[in-house]
């Protein structure tokens, strides 16, 4: 298992994974799989943005 340093490292890793999923969605010929990959990428991006705001001293928490 690879250690990811700090919140910003985790956010960067999630954004990279989301990008990989989006690219995979473009390559697949299965329309249903394409939709699932895009949705997963969008969830990762949304989660990383929310996590980044909270770790940067934003109000509100989980």
Here the Kirkwood hydrodynamic radius of the range 7-56, Cα-based and in Å, equals 11.1
Could you put 22, 48 in order, starting from the residue whose Cβ has the fewest other Cβ atoms within 10 Å? 22, 48
What is the fewest-to-most order of 51, 11 by other Cβ atoms lying within 10 Å of their Cβ? 51, 11
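None of the figures in this text is laboratory data; all of them are computed from the coordinates on show. None of these values were measured; they are calculated from a predicted model. No Cβ is skipped: glycine too gets one built from the backbone with ideal geometry, and neighbour counts run over all protein chains shown.
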